[in-house]
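Asks: One structure follows; several queries about it will come next.
The values are calculated or read from the model by the stated rules, or taken from the named source; none is laboratory data. Computed from a prediction, not measured in an experiment: that's the story for all the values here. Glycine also receives a Cβ, built like all others from the backbone with ideal geometry; neighbour counts cover every protein chain displayed.
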């Protein structure tokens, strides 16, 4: 089945993996954390340019020893910021090894592999803390992805009773000072989707992501931002860590204070696209077979020739398409929460067109 969830393929941001087995997600976690780093939005992502004299002085001679690459400490740094020490990581790893959450049941993992699992579970703890997910749902998700009831219960019990009480809540940076009144379009004609954060900061007022978005969209690995779109709606997003995306928001969620009708939801999505955007076709989707949730969504493909120019330079094979996924309640890593009713609480908007498979199926 084709997926209508936009985050992973479009943004380069790792949505939370389903952590039954560590090996398939290890490189994704390391990559995401390495790309995110610890800098603020005000810091330049480019290194300072050295003068010609400095460059000549720094050019290694034939007798110079090669420089050893620096160790990657991104996992340890992330866990340290969450107040999770190595002793707790190892205790989690032991539970994971015994219950198939590592490289296989009974196979001992290394400290780095356990740090990768701990990074995933920090997000799990924070999602539960803000009400985005439940322990019942997390256990059901682990069972649906291959674990036994006993294994899933053992991990959930350890997380709930021993691991999560030590995890520090996500600490949001102070809201920046803004000078609003910027242009309606960015330099390429974009109006939000695929526009740079710098444009957003002159157009919409920033609001607290923790207060407005966390419970609805869950905890990202990256730098989240939130903007007031209207009196009844906010835009929630994560600044893409991938360097080629240059801090452009190519995947966003519109979250309404209360569910709204489809016309209102569509208008909100179109307001973030170039003015030539036209809704072309819609398809209802259901959750994937492995999901424990009984849920559905509505996918709307939107055509915009101008969007192709906006996206060009940010990603290969730019398309004149975007898609908006409508949820009546919300969505987690396990799919839509509840059926699609025609009322809309959340719209996930991303670049590119969603095509169903030959069977005509789309999954939420």
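Asks: Is there a residue being assigned to a loop (DSSP other than H, G, I, E, B) and surrounded by fewer than 13 Cβ atoms within 10 Å (Cβ to Cβ) anywhere in segment 149-165?
Replies: Residues of segment 149-165 that are assigned to a loop (DSSP other than H, G, I, E, B), as a first pass: none.
No - not one qualifying residue is present in segment 149-165.
Asks: So, in segment 70-101, exactly how many residues are in a loop (DSSP other than H, G, I, E, B), more than 23 Å from the chain's Cα centre (by Cα) and surrounded by 21 or more Cβ atoms within 10 Å (Cβ to Cβ)? Break it down stepwise before answering.
Replies: Within segment 70-101, the subset in a loop (DSSP other than H, G, I, E, B) is 70-73, 82-85, 99-101.
If we keep only those that are more than 23 Å from the chain's Cα centre (by Cα) as well, we get 70-71, 85, 99-100.
Filter once more, keeping what is surrounded by 21 or more Cβ atoms within 10 Å (Cβ to Cβ): 99-100.
Within segment 70-101, residues that are in a loop (DSSP other than H, G, I, E, B), more than 23 Å from the chain's Cα centre (by Cα) and surrounded by 21 or more Cβ atoms within 10 Å (Cβ to Cβ) number 2.
Asks: Would it be correct to say that residue 181 is without any contact (Cβ under 8 Å) to a residue 24 or more places away in the chain, on the phi > 0 side of the Ramachandran plot and either assigned by TED's automatic domain parsing to the domain that holds residue 94 or outside any strand (DSSP E or B) (or both)? Explain how you work it out, then say what you get.
Replies: Numbers: without any contact (Cβ under 8 Å) to a residue 24 or more places away in the chain: yes; on the phi > 0 side of the Ramachandran plot: yes; either assigned by TED's automatic domain parsing to the domain that holds residue 94 or outside any strand (DSSP E or B) (or both): yes.
So residue 181 passes the test.
Asks: Condition first: assigned to a helix (DSSP H, G or I) and under 17 Å from the mean Cα position of the chain (by Cα). Can you find one or more residues in segment 192-202 that meet it? I'd like the intermediate steps shown before the answer.
Replies: Looking only at segment 192-202, we keep the residues that are assigned to a helix (DSSP H, G or I), and these are 197-202.
Now narrow it down to the ones that are under 17 Å from the mean Cα position of the chain (by Cα): 197.
Yes, some residue in segment 192-202 is assigned to a helix (DSSP H, G or I) and under 17 Å from the mean Cα position of the chain (by Cα).
Asks: Any idea which of (1) in a loop (DSSP other than H, G, I, E, B); (2) crowded, with 17+ Cβ neighbours inside 10 Å; (3) out of contact with any helix residue (DSSP H, G or I) (no Cβ under 8 Å at 6 or more places or on another chain) is the one residue 123 doesn't satisfy?
Replies: All conditions are met except number (1).
Asks: For residue 253, indicate whether it is at pLDDT 95 or above, touching a strand residue (DSSP E or B) at 6+ places or on another chain (Cβ under 9 Å), under 26 Å from residue 201 (Cβ atoms) and surrounded by 15 or more Cβ atoms within 10 Å (Cβ to Cβ).
Replies: Working: at pLDDT 95 or above: yes; touching a strand residue (DSSP E or B) at 6+ places or on another chain (Cβ under 9 Å): yes; under 26 Å from residue 201 (Cβ atoms): yes; surrounded by 15 or more Cβ atoms within 10 Å (Cβ to Cβ): yes.
Here the answer is yes, as residue 253 does meet what is asked.
Asks: Looking at 118, 168, 129, 140, can you tell me which residue is in a helix (DSSP H, G or I) and under 18 Å from residue 76 (Cβ atoms)? Quick ask: steps written out before the conclusion?
Replies: Details: 168 fails: in a helix (DSSP H, G or I); 129 fails: under 18 Å from residue 76 (Cβ atoms); 140 fails: under 18 Å from residue 76 (Cβ atoms).
The conditions single out 118.
Asks: Another one. Looking for whichever is at pLDDT 95 or above and within 19 Å of residue 82 (Cα to Cα) here; the options are 184, 262, 162. Which one fits? Before the answer, list the steps.
Replies: On the way: 184 fails: within 19 Å of residue 82 (Cα to Cα); 262 fails: within 19 Å of residue 82 (Cα to Cα).
It is 162.
Asks: Moving on to the next point. Does segment 203-251 hold any residues that are under 23 Å from residue 79 (Cβ atoms), without any contact (Cβ under 8 Å) to a residue 60 or more places away in the chain and within 11 Å of the chain's Cα centre (by Cα), and which are they?
Replies: Residue satisfying the conditions is 224 alone.
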